[in-house]
Protein chains: 4
Amino acid sequence: MEKMTSRQEQKIRTQQKIVEAANTCFIRKGMAYTLITDICEEAEVSVGTFYHYFNNKNDLIISQFKKFDMGFLEVAHRLIDNPDAWDSLIQFAHFFSRDASVSDKTLTLEYLKARVSLTVEQLFPRNRPYFIILCTVIYNGQVRRQLRADQTPQQLADLVMAATRGYNFDWASMDGAYDLHLRMQQDMPILFEGFRYREEYPYQLCDPAAVIPVQNVPKLYEQETAQLREYCESRLLR
Amino acid sequence: MEKMTSRQEQKIRTQQKIVEAANTCFIRKGMAYTLITDICEEAEVSVGTFYHYFNNKNDLIISQFKKFDMGFLEVAHRLIDNPDAWDSLIQFAHFFSRDASVSDKTLTLEYLKARVSLTVEQLFPRNRPYFIILCTVIYNGQVRRQLRADQTPQQLADLVMAATRGYNFDWASMDGAYDLHLRMQQDMPILFEGFRYREEYPYQLCDPAAVIPVQNVPKLYEQETAQLREYCESRLLR
Amino acid sequence: MEKMTSRQEQKIRTQQKIVEAANTCFIRKGMAYTLITDICEEAEVSVGTFYHYFNNKNDLIISQFKKFDMGFLEVAHRLIDNPDAWDSLIQFAHFFSRDASVSDKTLTLEYLKARVSLTVEQLFPRNRPYFIILCTVIYNGQVRRQLRADQTPQQLADLVMAATRGYNFDWASMDGAYDLHLRMQQDMPILFEGFRYREEYPYQLCDPAAVIPVQNVPKLYEQETAQLREYCESRLLR
Amino acid sequence: MEKMTSRQEQKIRTQQKIVEAANTCFIRKGMAYTLITDICEEAEVSVGTFYHYFNNKNDLIISQFKKFDMGFLEVAHRLIDNPDAWDSLIQFAHFFSRDASVSDKTLTLEYLKARVSLTVEQLFPRNRPYFIILCTVIYNGQVRRQLRADQTPQQLADLVMAATRGYNFDWASMDGAYDLHLRMQQDMPILFEGFRYREEYPYQLCDPAAVIPVQNVPKLYEQETAQLREYCESRLLR
DNA sequence: AATGAATGAGTGTTCATTCAT
DNA sequence: AATGAATGAACACTCATTCAT
C-alpha cells in the first residue's frame, strides 16, 4: 500500500511538474508558440511522458480551467451571505477577475485568449458553479427589494456574467494594457446601477424552485456542483 | 492615362478578389485552418500573386479591420445628431455589433476571435474613429443634462466601449450561441441605465477643447480621422 | 546497459547513413542542388529524422570538416619525426591535399568550394590541429638549421598554410581541371625553396614555450587538440 | 544621329546604374542574398528593365570580371619594362591583388568567392591577359639570368599564377581577416625565392616563338588580347 | 512508468522569370 | 525602351504523434 501511495504521489508530482512547466512556457513564449517539446524540456520529462498524462496541448489547457473555476468556490459563502446583494454583484465581478492580479498577468491573459478562441462549449455553460451562486445572490436580492425583479434571476445573472466576462476579454484583447481591477472599481458601479430595485419597475418574483438551473452539468464539475447547489438552495430566502 | 487606369483597376480588382476569396474560405473552414493555397485556389490566382498583395495571412486580416472600422463612419452623423444622447449610446452598441447580423455570422465570429489573439495594440486605440464619435455624443449629452457629468466624456466613452466590445467578445467566446442583437436589446438599457443624468450626481462639464482626444492616430486612419475630428468639433454644443 | 548500447548504436548508424547519403548526393548533383529530401530518400530516412540529427544542410557540412581535420592527426607523428624538416613541409602540403585523390574528387571539390563560401571563421583558426603540428616541425627544423630562422615558426607556418590552402582553392576554382598532386609535386619544391636555412639569413630561435599557439581552441577540437599539443611539446628539440 | 547618341548614352547609363546598384547590394547583403528586386530597387529600375540588360544575376556578375581583368592591363608596361624580372613577379602578385585594397574590400571578397564557386571555366584560361604578360616577364628574366630556366616560362607562370590566386582565395576564405597586401609583402619574397636564377640549375631557354600561348582566347577578351600579344612579342629579348 | 528516435504530412514563403501593356 | 503584375515550381523546415525499447 505504501508503494501504491508513493507511486500515486509520483504520478501526481509528475503531472504537476508538467502543468507548471507548461505555464512557465506559456508566460515565456505564449501559448500558441509553446511546443510540446518546450514543455517537456522545462519539466525535464520526455515527450512520451507528456503523452502519458495528456492527449495534447489543448487537453492540458482545458484541464487548467477547472482550477480557475473551482478557486472561485471559496468566496461563494461571502457573496451569498452578504446582506447587500447589489454590492455582491460588484464583488462578484472582482472575484471573477481576481486572476488578473493574483496569478501571473501574462498567464491570465494567455488563458483568457485561449478561452475565446478555443470555443469549448462546455467552457461556460449556464450552470457552471458561479452561475448558480449568482442566481442565488440575485434572487435573495430581489426578495429583499435590493435588486430589480422585472426579470428572472437567470436573465439578470446572464447579464452580469456577460458584462463581467466581457470586461475580462476586453482587457485581454487590449493585452492587459490597463489595470483591470482599477477599471472595474470605477466602472462596475455605473454599469450595475441599472440592477438596483426601483419602485417604477414591475416586481415579479420567480418560483424559488426555478432559481437554480439544473441542465447539463459537465462531468468535470458534477461533484462540486452538487454540493454547491445544495448549499445555495438552503440559503434561498422564502 | 487610360492605360494607367486600366492597370490600376486590374490591381484593385485582383486584391478585392483575394479578400473575398479569403472570407469565403474563412467561413468555410475557419481562419486558422485556411491555407494560403486555399485562398489562392478560391480566388483563381497564383500564390505569388497573393504575396504580391499581402505579406501573409495576418496582413490580409488586419487590412480588413480598417474596412470594418471605416464602415462605421457612415452612422456617425446619425449618432451625433440624435437629440437623445442616452439612446445614442444604445444605438452605438448596436451599430458596433451590426456585423454580427449584417454580414455572415461565422465570418464575424472569426474576425472577433482573431482580434483577441492578434494582440495588435493599434487595433483599438483611444482615438480610433468611433472613440471620437462617442466622446462627442457623450459631451453633448452632458451639456443637455441627459448623461451624468461626474466623469469626463473620455472616461465614460471608455466604459461604453469596454462594455460593448466585451459583449462582442463574450458572444464570440460562446461561439455565437445566442442572438447578440436580441441580447443587446434586452441588456444594454439595463447596463447603460447608470449613464443617465441624475440630480444627485455632481455636474462638472469638461473643457470642450479636451473632449476629442488627439494622441497617436495610427497612420492607417490618419486621413479619415482628421475629417471626422473636424466634423465632431463643429458639432460640439457650447 | 545493453539496451543503452543498442539505442546508441542505432543512433550512430542512422547519423552515419545520413552523412553518407548526403555525400552520395553531393557527388551526384552538387552540394547546392542537393535537397534535404534527396538526402533523406538516399538514406531511406524521413525528413524529420534528418532534422533530428542536423539543424540544416550547412550543419551537416560543417560537421564533416571536423572529420577531415581529425583524419589529419594520423600523420602527425610521421611529419614530426621526419628528420628532414624541409621535406616535412612538402609532405604536409601533400597530406593536406590528400582528399583530392583519396576520396572522390567531385566531393572534395564540393567541400572546398563550400569552405570558401561558408565563411565560418572557426574553420581555419591558427591553432587548428595542423597548425600546431606545423609549428613543431618548423621549430625543430630551425633548431637543426634546416629551415630559415629569421621568422618565428608561427609566421612561417602561416605562410605554408596559406600557400597550401591557396593551392587547394585555386584547384577548386579551376574545377579540378588539373591533377593537384602532380602540380604540387612540381611546384612545392620551388615555392618552399625559400624556407631553407641559409647562412646569410639572421638566425634567431624563438622561445620554445611560445612555439605552440594556445588561443581560442574551438570547443569542437578541444579534446583532440589538448592531446596533440602535449605530444608536440614533448617532441620539441631543446 | 544626335538622337541615336542620346539613346545609346541612356542605354549605357542605365546599364551602369544597374551594375552599380548590384555592387551596392552585394556589399550590403552579400551576393548570395541579393535578389534581382533588390538590385532593381537600388537602381530605381523595373524588373523588366533588368532583364532587358542581363539574362540573370550570374550574367551580370560575369560581366564584371572583365573589368577587373582589364584594369590590370594598365600595369603591363611597368611589369614588362622592369629590368629586375624577379621583382616584377613580386609586383605582379601585388597588382593582381590590388582590388583587395583599391576597391571596396567586401565587394572584392564577394567576387573572389564567386570566382571559386561559379566555376566558369572561361574565367581563368591560360591566355587571359595577365598570363601573357607573365610569360613575357619570365622569359626576359630567364634571358637575363635573373630567373631559373630549367622550366618553360609557361610552367613558371602557372606557378606564379596559382600561388597568387591561391593567396587571394585563401584571404577570401578567411573572409579578409588579415591585411592581404601586408601578408604578400612579407610572404612573396620567401615563396618566390625559388624562382631566382642559380648556377646549379640547368639553363635551357625555350623557343621565343612559343613563349606567348595562343589557344582559346575567349571572345570577351579577343580584342584587347590581340593588342597585348603584339606588344609583348615586340618586347621579347632575343 | 518512462524514454526519445523516428515519422511525414503539412505549409508558408521565396524569387527568378515572363509578358501584356 | 520600360514597366510591374502575375506566375508557380521549388524548398526548407515544423511539430504533433507514435511506438519499440
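When residues in segment C:173-188 are screened for being at pLDDT below 90 and at the interface with chain D (Cβ under 8 Å from one of its Cβ atoms), 4 of them pass.
For segment C:28-51, does any single residue satisfy the condition of being under 23 Å from the mean Cα position of the chain (by Cα) and of a type in the set (A, V, I, L, M)? Yes, some residue in segment C:28-51 is under 23 Å from the mean Cα position of the chain (by Cα) and of a type in the set (A, V, I, L, M). What do you reckon, is A:ARG145 open to solvent by 50 Å² or more (accessible area, probe 1.4 Å), more than 8 Å from chain B (Cβ to nearest Cβ) and touching a residue at least 60 places away in the same chain (Cβ under 8 Å)? For A:ARG145, the condition - open to solvent by 50 Å² or more (accessible area, probe 1.4 Å), more than 8 Å from chain B (Cβ to nearest Cβ) and touching a residue at least 60 places away in the same chain (Cβ under 8 Å) - is not met. Across segment D:35-55, the number of residues qualifying as part of a loop (DSSP other than H, G, I, E, B) and open to solvent by less than 70 Å² (accessible area, probe 1.4 Å) comes to 3. Picking from residues in segment B:32-54 that are over 23 Å from A:LEU118 (Cα atoms) and among the acidic types (Asp, Glu), the one that is farthest from DNA strand F (Cβ to nearest atom) is B:GLU42.
What residue, among those in segment A:15-33 that are surrounded by 16 or more Cβ atoms within 10 Å (Cβ to Cβ) and within 14 Å of chain B (Cβ to nearest Cβ), is farthest from DNA strand E (Cβ to nearest atom)? This residue is A:PHE26.
Residues are listed down the side, and each one gets a yes or a no for (1) farther than 30 Å from C:ARG148 by Cβ; (2) open to solvent by 90 Å² or more (accessible area, probe 1.4 Å); (3) within 16 Å of the chain's Cα centre (by Cα):
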position	(1), (2), (3)
C:ARG13	yes, yes, no
C:LEU60	yes, no, no
C:LEU79	no, no, yes
C:PHE92	no, no, yes
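Residue count for segment B:169-200, restricted to those that are under 20 Å from B:GLN146 (Cα atoms) and hydrophobic (A, V, I, L, M, F, W, C): 5.
For (1) more than 22 Å from C:GLY166 (Cα to Cα); (2) within 16 Å of DNA strand E (Cβ to nearest atom); (3) touching a helix residue (DSSP H, G or I) at 6+ places or on another chain (Cβ under 7 Å), each residue gets a yes or a no:
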{"position": "D:ARG7", "(1), (2), (3)": "yes, no, no"}
{"position": "D:ILE36", "(1), (2), (3)": "yes, yes, yes"}
{"position": "D:VAL47", "(1), (2), (3)": "yes, yes, yes"}
{"position": "D:SER63", "(1), (2), (3)": "yes, yes, no"}
{"position": "D:ASP81", "(1), (2), (3)": "yes, no, no"}
{"position": "D:GLN91", "(1), (2), (3)": "no, no, yes"}
{"position": "D:PHE95", "(1), (2), (3)": "no, no, yes"}
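If you take the residues in segment B:148-159 that are open to solvent by less than 10 Å² (accessible area, probe 1.4 Å) and away from chain A (no Cβ under 11 Å), which one is nearest to B:LEU107 (Cα to Cα)?
Keep residues of segment B:148-159 that are open to solvent by less than 10 Å² (accessible area, probe 1.4 Å), which gives B:149, B:153, B:156-157, B:159.
Filter once more, keeping what is away from chain A (no Cβ under 11 Å): B:149, B:153, B:157.
Working: B:ALA149: 38, B:PRO153: 33, B:ALA157: 27 Å.
Result: B:ALA157.
Just to be sure, is A:LYS66 at pLDDT below 90 and either charged (D, E, K, R) or near DNA strand F (Cβ under 10 Å from one of its atoms) (or both)? Considered against the rule, which asks whether it is at pLDDT below 90 and either charged (D, E, K, R) or near DNA strand F (Cβ under 10 Å from one of its atoms) (or both), A:LYS66 comes out as yes.
Mind telling me which of the residues A:GLN122, A:GLN154, A:GLN142 ends up being modelled with pLDDT of 95 or more and either in a helix (DSSP H, G or I) or not hydroxyl-bearing (Ser, Thr, Tyr) (or both)?
A:GLN142
Against the list (1) surrounded by 13 or more Cβ atoms within 10 Å (Cβ to Cβ); (2) more than 23 Å from the chain's Cα centre (by Cα); (3) more than 9 Å from DNA strand E (Cβ to nearest atom), the condition C:ASP69 fails is (2).
Look at (1) hydrophobic (A, V, I, L, M, F, W, C); (2) within 30 Å of D:GLU233 (Cβ to Cβ); (3) more than 7 Å from chain C (Cβ to nearest Cβ) and you find that D:LEU191 fails only one, number (3).
Would you check if B:THR24 is within 21 Å of B:THR106 (Cα to Cα), part of a helix (DSSP H, G or I) and away from DNA strand F (no atom under 14 Å from the Cβ)? For B:THR24, the condition - within 21 Å of B:THR106 (Cα to Cα), part of a helix (DSSP H, G or I) and away from DNA strand F (no atom under 14 Å from the Cβ) - is met.
Listed residues C:ASP81, C:ASP69, C:ASP87, C:ASP59; which is within 28 Å of D:MET31 (Cβ to Cβ) and assigned by TED's automatic domain parsing to the domain that holds C:GLY176?
On the way: C:ASP81 fails: within 28 Å of D:MET31 (Cβ to Cβ); C:ASP87 fails: within 28 Å of D:MET31 (Cβ to Cβ); C:ASP59 fails: assigned by TED's automatic domain parsing to the domain that holds C:GLY176.
That would be C:ASP69, the only listed residue that is within 28 Å of D:MET31 (Cβ to Cβ) and assigned by TED's automatic domain parsing to the domain that holds C:GLY176.
Yes or no, residue by residue, for (1) surrounded by 12 or more Cβ atoms within 10 Å (Cβ to Cβ); (2) assigned to a loop (DSSP other than H, G, I, E, B); (3) not β-branched (Val, Ile, Thr):
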{"residue": "C:MET161", "(1), (2), (3)": "yes, no, yes"}
{"residue": "C:TRP171", "(1), (2), (3)": "yes, no, yes"}
{"residue": "C:LEU182", "(1), (2), (3)": "no, no, yes"}
{"residue": "C:GLY194", "(1), (2), (3)": "yes, no, yes"}
{"residue": "C:LEU205", "(1), (2), (3)": "yes, yes, yes"}
{"residue": "C:ALA209", "(1), (2), (3)": "no, no, yes"}
{"residue": "C:THR225", "(1), (2), (3)": "yes, no, no"}
{"residue": "C:GLU230", "(1), (2), (3)": "no, no, yes"}
{"residue": "C:ARG238", "(1), (2), (3)": "no, yes, yes"}
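Determine, yes or no, whether D:GLN16 is out of contact with any helix residue (DSSP H, G or I) (no Cβ under 9 Å at 6 or more places or on another chain) and in a helix (DSSP H, G or I).
Spelling it out, D:GLN16 is indeed out of contact with any helix residue (DSSP H, G or I) (no Cβ under 9 Å at 6 or more places or on another chain) and in a helix (DSSP H, G or I).
Every listed requirement among (1) at pLDDT 85 or above; (2) more than 10 Å from chain C (Cβ to nearest Cβ) is met by D:ASP99 save one, (1).
The values are calculated or read from the model by the stated rules, or taken from the named source; none is laboratory data. As the structure is a computational prediction, the values presented were derived from the model and not from experiment. Every residue, glycine as well, gets a Cβ built from its backbone with ideal geometry; the counts of neighbours run over all protein chains shown. Just the protein is used for accessible areas: all its heavy atoms, side chains included, with ligands, DNA and RNA removed. Shrake-Rupley method; radii C 1.70, N 1.55, O 1.52, S 1.80 Å.
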